[in-house]
Structures are given as C-alpha cells and as structure tokens.
Amino acid sequence: MWATTLLARYLEGKPFDIVLEHSRYVADLALEVARRLALPDSDCQFIEEAALLHDIGVCQVRAPGLGLYGEHPYIMHGVLGRAILEKEGYPLHALVCERHTGVGLTCADIVRQGLPLPHREMCPETLPEQIICFADLFYSKKPGSLAVRKSSTLVRQKLLPFGADKAAVFDAWCIQFQWSDQPH
C-alpha cells in the first residue's frame, strides 16, 4: 500500500517497525468501527490510509525509547506530520495527523498547558478523523505492548487528568461508535 511506502521514506529500522505495527492496529480498529457504522468503501479506504500515516511526524521528534532522536518534543508529532503530508500532497490525511492527539487539543488546552504548538484548534472534525482518533486511544507505541488493546475503562482513566470534558468526548464516541470492549 502506498501509505506504508510513504511511511518508510520517513522512518526506518526500529522506529519504522514500531510505528507501522502501532498504526496497523489503529487502522484495523478504526476499520472495525467504520464497518460497524456501514461507512462507504471510499471512507474505509481513507481511514485505513490516514490511520497508517497518523504518526508519520514522529520522524522529527525526540523519543529515545522508540529509537527517535529528532529535535522536537513528542507532543509536536501531529503538527509535524501535518506539514509532511501537506508537502507530499495529502491535505486531508495531514489533518488527521494534526488532530489525533488525545481526543483533540483545543486552543485553550494548548495555551493552558503551555504546549509548544501553534495556538489553534486541533480537534477531529470529520467522522473519519474522529474514528482514527478514537482507535488510536486504545494502542500504545511502547515496545512490548504494541498488540495490547486498552480497555475503555483504562482509556477513560488516562483521559481524566486532562479534564472531564476529554472523558466526555470519549464517552460520546463510545456511544456513537456502538463501542463495547466485548468482541463482536
């Protein structure tokens, strides 16, 4: 698939393997949700591509545990990914990169937390963006834990320190996406 080839142009070795495996789990879960919602094939194709590319920006961040030695803090990987994919000619995929952190970052979140990010809204807007953001919450890039899917309870607990509003977004998505931790 072209998305994997593009990812390989920016990452190699251990970082590529980690990001690809993580992104494949995210893509598979996002596709599960999309099919449950009976989204058209064109949306499913976009979801798979964008999910595979959502973390491309990590190629420019510093995360030694992932074998990444770039100059930027990890929190910037979304905006960096957006810049990469816009340059590559994929503006809609680029927006997924920027908008997938947590359940999304508001300008107020960025200012309040003093994050090194542009002061703008970075929340998923379209249904495919929301589905990918949702799926990403369930998987870590921590080596040794890539295949472990977090429970909804754990995802919610990890969001609560960022505000009850973040957990509320997740709760709403669970309802909208007919989500249960039980296999379907």
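Just the residues that are in a helix (DSSP H, G or I), closer than 12 Å to ASP55 by Cα and touching a residue at least 24 places away in the same chain (Cβ under 8 Å), please, taken from segment 7-26.
LEU7, TYR10, PRO15, ILE18, VAL19, LEU20, GLU21, HIS22, SER23, ARG24, VAL26
Using the structure shown, decide if ILE56 is surrounded by fewer than 17 Cβ atoms within 10 Å (Cβ to Cβ), β-branched (Val, Ile, Thr) and either closer than 27 Å to ASP109 by Cα or more than 15 Å from the chain's Cα centre (by Cα) (or both).
no
So which residues in segment 48-87 are in a helix (DSSP H, G or I) and free of Cβ contacts under 8 Å to residues at least 12 places away in the same chain, if there are any at all?
Those that are in a helix (DSSP H, G or I) and free of Cβ contacts under 8 Å to residues at least 12 places away in the same chain: PRO64, GLU86, LYS87.
Considering only residues that are surrounded by fewer than 22 Cβ atoms within 10 Å (Cβ to Cβ) and in a helix (DSSP H, G or I), which ones fall in segment 34-47? So that I can check it myself, show each step before the final result.
Here is the first cut: in segment 34-47, the residues surrounded by fewer than 22 Cβ atoms within 10 Å (Cβ to Cβ) are 35-46.
Across segment 34-47, the qualifying residues are ARG35, ARG36, ASP41, SER42, ASP43, CYS44, GLN45, PHE46.
Anything in segment 149-163 that is over 16 Å from the mean Cα position of the chain (by Cα) and assigned to a loop (DSSP other than H, G, I, E, B)? List them, or say none.
If the condition is that a residue be over 16 Å from the mean Cα position of the chain (by Cα) and assigned to a loop (DSSP other than H, G, I, E, B), then SER151, GLY163 are the ones that fit.
Any idea how many residues of segment 90-119 are part of a loop (DSSP other than H, G, I, E, B) and under 21 Å from LYS158 (Cβ atoms)?
Qualifying residue count for the region: 7.
State whether the residues of segment 125-136 include one that is in contact (Cβ under 8 Å) with a residue 40 or more places away in the chain, of a type in the set (S, T, N, Q) and either outside any loop (DSSP other than H, G, I, E, B) or within 26 Å of GLN176 (Cα to Cα) (or both).
There is at least one residue in segment 125-136 that is in contact (Cβ under 8 Å) with a residue 40 or more places away in the chain, of a type in the set (S, T, N, Q) and either outside any loop (DSSP other than H, G, I, E, B) or within 26 Å of GLN176 (Cα to Cα) (or both).
Looking at segment 107-142 only, could you name the residues that are exposed (fewer than 14 other Cβ atoms within 10 Å of the Cβ) and more than 17 Å from ILE56 (Cα to Cα)?
ALA108, VAL111, ARG112, GLN113, GLY114, PRO116, PRO118, HIS119, ARG120, GLU125
Residues checked against (1) over 18 Å from TRP173 (Cβ atoms); (2) of a type in the set (A, V, I, L, M):
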{"residue": "LEU31", "(1), (2)": "no, yes"}
{"residue": "ARG36", "(1), (2)": "no, no"}
{"residue": "LEU39", "(1), (2)": "no, yes"}
{"residue": "GLU48", "(1), (2)": "yes, no"}
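State which residue pairs qualify: first residue of a type in the set (Gly, Ala, Ser) and inside segment 88-117, second residue in a loop (DSSP other than H, G, I, E, B) and at pLDDT 95 or above in any location, beta carbons under 9 Å apart, and separation of 6 or more residues or different chains.
Cβ pairs passing all conditions: GLY102/LEU137; GLY104/GLU121; GLY104/CYS123; GLY104/PRO124; GLY104/GLU125.
When you go through LEU115, LEU105, LEU146 one by one, which is the residue that is touching a strand residue (DSSP E or B) at 6+ places or on another chain (Cβ under 7 Å) and not charged (D, E, K, R)?
LEU105
If you go through segment 97-105 one residue at a time, do you hit one that is surrounded by fewer than 16 Cβ atoms within 10 Å (Cβ to Cβ) and modelled with pLDDT of 95 or more?
No, segment 97-105 has no match at all.
The values are calculated or read from the model by the stated rules, or taken from the named source; none is laboratory data. None of these values were measured; they are calculated from a predicted model. All Cβ positions, glycine included, derive from the backbone under ideal geometry; neighbour counts span all protein chains shown.
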